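Read through the structure below, which is laid out as structure tokens, and then see the notes.
The values are calculated or read from the model by the stated rules, or taken from the named source; none is laboratory data. Everything numeric here is computed off the predicted structure, so don't read it as measured data. Glycine gets a Cβ as well: all are built from the backbone with ideal geometry, and neighbour counts include every protein chain shown. Please note that ligands, DNA and RNA were not included when accessible areas were found on the heavy atoms of the full protein model with its side chains. Shrake-Rupley method; radii C 1.70, N 1.55, O 1.52, S 1.80 Å.
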Amino acid sequence: MRAPWLTIPVLALAASASSWAADCPALLQGSLPELRGKAQIDLCQRFAGKPLVVINTASYCGFAPQFEGLEGTYKAYHAQGLEMLGVPSNDFKQEDADAEKTAKVCYANYGVTFTMTKAQPVRGEDAIPLFAELAKQSSAPKWNFYKYVVDRQGKVIASFSSLTKPDDPAFTAAIDKAIASKP
């Protein structure tokens, strides 16, 4: 026999969870595996209502030193609400299959403190939903360290090529605009 007093709270929780998912922007639907550990990053829970920079990364790319500048940007803007998400990918054949080696490059070599995932496909038909939506709103990454600036509503404000450095005035202006956006 089911306890009737348990049914109502469970139904209320289920209804609020589905309502919460429905309120989440398309860009932030789903979850991704964190780079360190076995936990999943619930994109909506972690990033909804926050300005966000998303970067597809690769450990063995010539642009990998941008991790330092990205970390500096993250530290400079995090107090204003900015979040950053690095998504390693081997789509351009420059990422290690071993997540521990990727983690070493990010965390030990470059001192990254922003959120990083395990390697994911970011282009074409195999692209994860996050990057499929980024491509729909902007364009697919053309190489590693392609950067997307997303406002608090989950809309891409601007995207930047690998050649754009983290201290580029256009990139920081887009971040300022994302921070100023209304939730």
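Collect the residues in the range 79-108 that are on the phi < 0 side of the Ramachandran plot, surrounded by fewer than 16 Cβ atoms within 10 Å (Cβ to Cβ) and touching a residue at least 24 places away in the same chain (Cβ under 8 Å), keeping them in residue-number order.
Answer for the range 79-108, where residues must be on the phi < 0 side of the Ramachandran plot, surrounded by fewer than 16 Cβ atoms within 10 Å (Cβ to Cβ) and touching a residue at least 24 places away in the same chain (Cβ under 8 Å): Gln80, Lys101, Tyr107.
Considering only the range 116-126, state which residues are open to solvent by 20 Å² or more (accessible area, probe 1.4 Å) and not acidic (Asp, Glu).
Lys118, Ala119, Gln120, Pro121, Arg123, Gly124
Look at the range 137-156 and say how many of its residues are surrounded by fewer than 19 Cβ atoms within 10 Å (Cβ to Cβ) and either more than 29 Å from Asp96 (Cβ to Cβ) or of a type in the set (Phe, Trp, Tyr) (or both).
The total comes to 4.
Which condition number in (1) in a loop (DSSP other than H, G, I, E, B); (2) in contact with a strand residue (DSSP E or B) (Cβ under 7 Å, 6 or more places away or on another chain) is the one that Tyr60 fails?
Among (1) in a loop (DSSP other than H, G, I, E, B); (2) in contact with a strand residue (DSSP E or B) (Cβ under 7 Å, 6 or more places away or on another chain), the lone unmet condition for Tyr60 is (2).
Return the residue satisfying two criteria in turn: it lies in the range 25-78 and is open to solvent by less than 40 Å² (accessible area, probe 1.4 Å) and hydroxyl-bearing (Ser, Thr, Tyr), and of such residues it is farthest from Lys93 (Cα to Cα).
So the residue we want is Tyr77.
Being of a type in the set (Val, Ile, Thr) and under 13 Å from Pro51 (Cα atoms) is the requirement here; does Val105 meet it? Can you show your working first?
Working: of a type in the set (Val, Ile, Thr): yes; under 13 Å from Pro51 (Cα atoms): no.
So Val105 does not fit the description; no.
Which residues, counting only those in the range 169-183, are modelled with pLDDT of 95 or more, farther than 12 Å from Ala76 by Cα and open to solvent by 50 Å² or more (accessible area, probe 1.4 Å)?
The answer is Pro169, Ala170, Ala173, Lys177, Ala180.
Residues checked against (1) out of contact with any Phe, Trp or Tyr (no Cβ under 6 Å at 6 or more places or on another chain); (2) assigned to a loop (DSSP other than H, G, I, E, B):
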| residue | (1), (2) |
| --- | --- |
| Tyr77 | yes, no |
| Gly86 | yes, no |
| Asp91 | yes, yes |
| Tyr107 | yes, no |
| Val112 | no, yes |
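State whether the residues of the range 9-18 include one that is farther than 24 Å from Tyr107 by Cα, over 13 Å from the mean Cα position of the chain (by Cα), modelled with pLDDT under 95 and part of a loop (DSSP other than H, G, I, E, B).
no
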